[in-house]
Structures are given as C-alpha cells and as structure tokens.
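Peer 1: This is the structure, below, for whatever I ask next.
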Amino acid sequence: MTAARARLVALAAVVGATAAMGIAGASPASARTVPLTYDLGVVLPGQTRSIERTIDIPRDATVVAAQFADSAGGTGWDAQLCLDDDCSAVNDLTDAALAAGKYRLVVTLAMPADATGVLRTSAAGSLTLVDAGVDANAILPATGGTIPLAAGLVGGALAAGGMLLLLAGGRRRRRPASAEARS
C-alpha cells in the first residue's frame, strides 16, 4: 500500500470513528412542535362538534409555546389537553410541565344558537415542547438533519473509498508481470 493510500484509509477511519461517537453521544433533547390543525366541517347554529386525537409525549417536557385559535378570530372554539381526567386549555399551557405519556387533545366547536350563517370550522395552532430540564433558549427546534449524521455519512463514504482503493491495490499486485510467469 502506498503512503497516500495509507493516509486516506487512516483519515477515513478517524472521521468515521469521530462521526460514530458523535451520533452515539448525541443528546436526544430537542425542541419539537406538535401541530394542531382541525377542520370540523359544516356546523349549524346550535350544534356542537368535537374531535379527539392522541398526542404521545415520549419524555417529560416543558411547553415553551402554546397557541390555538380559529384563523378568523371567531368564538366557540375550545382546545383541551388531557391526561386521564385532568384537562387544561391549550392556550394556558405555556411554561407548563408535562409528564411523559399519551395525552388526549379534545377540540370542540360550539355554534351559538342565535348565530346567523355558518361559523368558521377550521382552526390551527401548535405546542412547542422541550425536554424537561433543558433550557429552551439553549436549543433550536429540530428542522432536519444534524451535523453528526452528516459527518457519519461523509466518514462512511471515505471509509468505503479507502477500502475500494485497498482492494484494487491488492489485485494489481497479484497479476503476473508477463506471459512467461503464467507457465
């Protein structure tokens, strides 16, 4: 193996090992946003409609932002986050601590009986959570790939390239120098 190939293989091994340690040691703590978008269809005066969904919170978390509203600013909407029988209004959850578990999000729209026309029947919001004990100002919301993952991919590509060079170099040495060597 030539010195250049040896250096390439060594570099690939160091980068790959560093990336592997970064991936293994990466903290699972991150900010995550739970979208709350609902459309309840047509709701006539005097009707009440609700929808319930399950939200899984895998680790204890703190709510750093909470909002829920109908996009036209109408009334009659209510959004409650419930764990067992303990419910809280979504808009009141900022700075609340949430234990890990499966929560029920109950969204209700009550159309007033004296309303004329149809009340807007879609609303949206979100909950932004950070892992408990993590300073919300110290991290950014997860938006895609992370540096350790990218470094792992680059290290893997370098290691694979180094192995291909080693294999190609070994084959060249095994070839006979001339036709006389074959007999």
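The values are calculated or read from the model by the stated rules, or taken from the named source; none is laboratory data. Since the structure is predicted, the reported quantities are computational estimates derived from the model, not experimental observations. Quick reminder, even Gly has a Cβ in these numbers, built from the backbone with ideal geometry, and neighbours come from all protein chains shown. Heavy atoms of the whole protein, side chains included, go into the accessibility calculation; ligands, DNA and RNA do not. Shrake-Rupley method; radii C 1.70, N 1.55, O 1.52, S 1.80 Å.
Peer 1: Among the residues of region 34-49, write down those that are open to solvent by less than 80 Å² (accessible area, probe 1.4 Å) and in a strand (DSSP E or B).
Peer 2: V34, L36, Y38
Peer 1: Working carefully through the options S126, S122, find the one that is among the small types (G, A, S), under 21 Å from P58 (Cα atoms), at pLDDT 70 or above and surrounded by 12 or more Cβ atoms within 10 Å (Cβ to Cβ).
Peer 2: S126
Peer 1: Suppose we keep only residues that are β-branched (V, I, T) and open to solvent by 50 Å² or more (accessible area, probe 1.4 Å) within region 73-95. Which one would you say is nearest to L44 (Cα to Cα)? First the steps, then the outcome.
Peer 2: Start the filter on region 73-95 by keeping residues that are β-branched (V, I, T), which leaves 75, 90, 94.
Next cut, open to solvent by 50 Å² or more (accessible area, probe 1.4 Å) only: 75, 94.
Details: T75: 14, T94: 32 Å.
Among those residues, the one meeting the criterion is T75.
Peer 1: Of the conditions (1) out of contact with any Lys or Arg (no Cβ under 9 Å at 6 or more places or on another chain); (2) surrounded by 15 or more Cβ atoms within 10 Å (Cβ to Cβ); (3) modelled with pLDDT under 90, L98 clears all except one; give me its number.
Peer 2: (3)
Peer 1: Further question on the same structure: Does D56 fit the bill of being out of contact with any Lys or Arg (no Cβ under 6 Å at 6 or more places or on another chain) and open to solvent by 50 Å² or more (accessible area, probe 1.4 Å)?
Peer 2: Spelling it out, it is not the case that D56 is out of contact with any Lys or Arg (no Cβ under 6 Å at 6 or more places or on another chain) and open to solvent by 50 Å² or more (accessible area, probe 1.4 Å).
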